[in-house]
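Worksheet for the structure shown next.
The values are calculated or read from the model by the stated rules, or taken from the named source; none is laboratory data. Just so you know, these numbers come straight off a predicted model, no measurement behind them. Cβ placement follows ideal geometry from the backbone for every residue including glycine, while neighbour counts extend to all protein chains displayed. Just the protein is used for accessible areas: all its heavy atoms, side chains included, with ligands, DNA and RNA removed. Shrake-Rupley method; radii C 1.70, N 1.55, O 1.52, S 1.80 Å.
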Amino acid sequence: MTGRRTKPFMIVSLLVGIAGLMAAEAAPPRLTITKAEWNADKAELKVEGKAEEMTDVHLKDTTAANSLGLVRSNSKGVWKFKLSGLWRPPTRVTAEAGDLSVEKNVKDSFKSKRKQPGKGSSTGGKSHAGLFASFEGTKTCLSCHEQEARAIHDSVHYQWKGDARDVIDSSTPEAGKLGGINDFCIYPDINWLAKLKNVNGALVDGGCAKCHAGLGEKPDEAANQAQLENVDCLLCHSESYRRTIEVVNGKPRFLPDESKMTVSIEEAATDISLPSTGRCLNCHAKSGGGDNYKRGDIEEAHRNATREFDVHLATEENGGAGLNCLDCHVAKDHKIAGRGTDLRPVDLDEKVTCVKCHSETVHQNESLDKHVARVNCTVCHIPFYAKAAPTDMERDWSRPGELNRAAGLYEPHMVKSSQVKPVYRFFNGKSHFYEFGESASPSESGWVTMSAPDGRIQDPGAKIHAFKRHTAIQPIARGTGRLLPLKMGVFYTTGQVAPAVEAGSLAVGWPYSGHDFAKTERYMGLFHEVSPKEEALSCTDCHSKGGRLDFAALGYSRNVTYKGKDLCASCHKDKSGAWSDSDRFMNVHKKHVDGKKIDCSACHGFSAAS
C-alpha cells in the first residue's frame, strides 16, 4: 500500500525537478549587454541588453568612470540605450543594476569623424570669451577650476613622480623622473630651469622643466595657493599658447611668449580644448633633446601621420583610424593611463591594451590567434621604428660635446639610426631601474641596467614585447661606484664633460674625487608607429634560421634529452634533415603539438601558455 502511494509521488517530484532545471537553464542572465556600438557618421552610441523586468540600468564609460545615463528594462526584460552628441565615444561600457555589473567593448569605437581639438572644433573645445575681464595666469583659471588644478597638481605630469608599485625593489613607495637618474639628460633635480647663453651670445631656454606642466617652481606635495598658481593650464589646453623662460626676481619662470603666438595671451586663454595630439607631441616628441631622440616611436611626423607611418594616429583622410593620444591614454581627474615599461610611476591605474578595441581572436586564424597568449601585438605589428626621424641609439658622455650650430649649444656625441628593428624581451608588467645614489653594478651582460623589463618565459601572463635598446657611456664616481649627474648648463654652453660632472656631483652634495665611465643600457617599450596589417611580420620572419627572435635567449631552447635519451631519438630516429631550415620549425610543431598533442614541457623547460 505504501509502495503504491510512493511511486506517483516520486514521479511528480522528478517531473517538478526536471521542469525546474529546464526553467533554470532557459532563464536568461539577470544582466547582460547584447550590443554596444558606435556610429561615427551619426556620432551616436547604442547599447542594448537584458535585465530583470522593469529594472533601472545605469550605463557608464568603463575607462573614465563617467555616467552615460539611465535606462529602464521593459516587461520582457529588454533595455535599449542611445546617446548622441559625444565628441569621443567610450571604448568600453559598463551596465549596472543593483549589485550586478557587466562590461562590453564598444564596436567601432576607434572610428570617428571628429577634427583635432582647436578653435571652433567639435572636440571638447569651449570658448572662454567673456568669462573674465583680464587674464592673470592660472590665478584666473582657479576662480572656476580649482578642483581641476588640485587634480593636475596630484598627477605624475606635475609631480614627476608617483606610485612605484611596478618598480621591483624600489626603496621608496613613490618614484619618478625627479629623484631618478637617466641616460639622456641625466638628472632633472639639478637641471630644472635656466636661461642659457649660447656660443653666439644669445639667451636661450634651457632645463628639463621646459616640458613640465608648471610655470617654473618645482613641484611640492602641498597643494597650497602658490603651487596651484604654478600649474600651467594653457600648456595642454590652448592650441595657440606659447611660453618662454624669463628671469623674474632672480628666478627663472615661464611667461607667455606672444612673439611666437598668432593671437594675444587673452585670446589664447579663451581658446580652450581638450589636449590634442599636437600638444602632447610638443613635449613627448622632443624628449632627450631633439625630434625622436629618446623614444624612437614618437616623432614630429605624427602631426600629419600617414597610414604607413602609424595606422592609429593617421587621420581617416590619410587612411588611418583617426585616433588621438587620449583615445588610448585615457584620462580621469587629470591622471593619464599608460606607463610603458620604463616609466617608474603609475598615474592612472588603467591598462592601455589593444584588446580595448580589438578582440584576442582578431586574426580569425587559429594559428595566429594563439600567439596572443605569449606575444604582444607590437612584436608583429611594429616591424621597424624611427620611420621618419633618426633616433638616438648610443649616447657617449665620455667625449667632448659636439656643437649644434642651429641652437648654438653643445650636444653629447650620439649614434642615431632610422628604420630600426626592435629587440625582444619578455615583460610581465614589472620593471627594474638603477636607483640614484646606489653603487652601479653591471649585470650579466656587462652593462649597468638603467631600466629593463622584468619577465621570463615561465612567468604566467608574461609576453614578448618589442623594445628599443639604448646604450650610453656615463660618468661613475671613483670609490663609491655611483653614477654621477652632470650640470647640464655647463656642458651645453662649453661642451666640456669634466667640469659638468664635478659641478653635478657638488650640486647633489657629494664630494668629488674624480670619475671614470660606465656602460649603461635601457630598454624602452615600443607601442607607436604601428604598421598596416599587410606590413606585419610573417611567420618566417621569426620562425626560420637567422630570424628576428633569439629564441634561446628568450628561454625557448630545447631540452637535450628526454627519458634519458637524446631528445628526438627517445621516440624515433633523428629526422631533423626531413625539412629545410625555413620550414623545420613549422613542420616539427605541426606534427608534435597539433597532431600528437604533446605539451611544450616534453621538449622545453616550460609549458604551453593558456
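Structural remarks
- Gap separating the Cα centres of region 392-423 and region 490-554, nearest whole Å: 12 Å
- Test item: Cα-centred dipole of region 205-261, Lys/Arg +1 and Asp/Glu -1 on Cβ, debye: 160 debye
- Label-point separation in nm, Lys218 to Phe384, each point 7 Å along Cα→Cβ: 4.4 nm
- A dipole drawn for the chain from +1 and -1 charges on Cβ atoms has a positive end, and of Ala129, Trp579, Ala337 the residue lying farthest that way is Trp579.
- Measuring nothing but alpha carbons in the chain and taking Rh as the Kirkwood radius, the Rg to Rh ratio lands at 1.04.
- Working from Cα pairs under 8 Å separated by at least six residues, relative contact order for region 512-582 is 21 percent.
- Within region 438-475, backbone nitrogen closer than 16 Å to the virtual label 7 Å beyond the Cα of Ser417 toward Cβ: 466-473
- Among the GluC sites (Glu not before Pro) in region 374-442, those located in a DSSP loop and surrounded by at most 13 other Cβ atoms within 10 Å of their own Cβ are Glu438.
- Equivalent ellipsoid semi-axes, region 555-610, via Cα gyration tensor eigenvalues times 5, rooted, Å: 17, 16, 11
- Each label point was placed 7 Å from the Cα along the Cα-to-Cβ direction; for Thr172 and Lys80 their separation is 5.7 nm.
- Base-10 log of normalised Debye intensity for region 143-187 (one unit scatterer per alpha-carbon) at q = 0.20, 0.25, 0.28, 0.31 Å⁻¹: -0.72, -0.91, -1.00, -1.08
- Using the 1.4 Å probe convention, the accessible area of the chain works out to 52 Å² per residue with neighbouring protein chains retained.
- Assigned charges on the beta-carbon of Lys, Arg, Asp, Glu; the chain dipole about Cα centre (debye): 1940 debye
- Region 213-334, accessible surface, carbon-and-sulfur percent (1.4 angstrom probe): 51 percent
- Cα-Cα over 29 Å, subset of Lys104/Lys421; Lys139/Lys161; Lys104/Lys161; Lys356/Lys416; Lys332/Lys487; Lys356/Lys468: Lys104/Lys421; Lys104/Lys161; Lys356/Lys416; Lys332/Lys487
- All lysines inside 26 Å of Lys597 as judged from Cα atoms, apart from same-chain residues fewer than 8 positions distant: Lys370, Lys463, Lys545, Lys563, Lys565, Lys573, Lys575
- A simple spin-label model places pseudo-atoms 7 Å from Cα toward Cβ; at Glu444 and Thr34 they are separated by 5.5 nm.
- Zone of His592's modelled label, taken as backbone nitrogen in region 528-561 under 14 Å from a point 7 Å along Cα→Cβ: 556-561
- Integer Hz, Karplus 6.51/-1.76/1.60 couplings in order for region 181-186, x for Gly and Pro: 8, 9, 9, 10, 9, 6
- Summed side-chain charge close to Leu483 - residues other than Leu483 whose Cβ falls under 12 Å, Lys, Arg +1, Asp, Glu -1: -2
- Helix 497-507 axis, angle to the chain major axis (alpha carbon atoms, nearest 10°): 80 degrees
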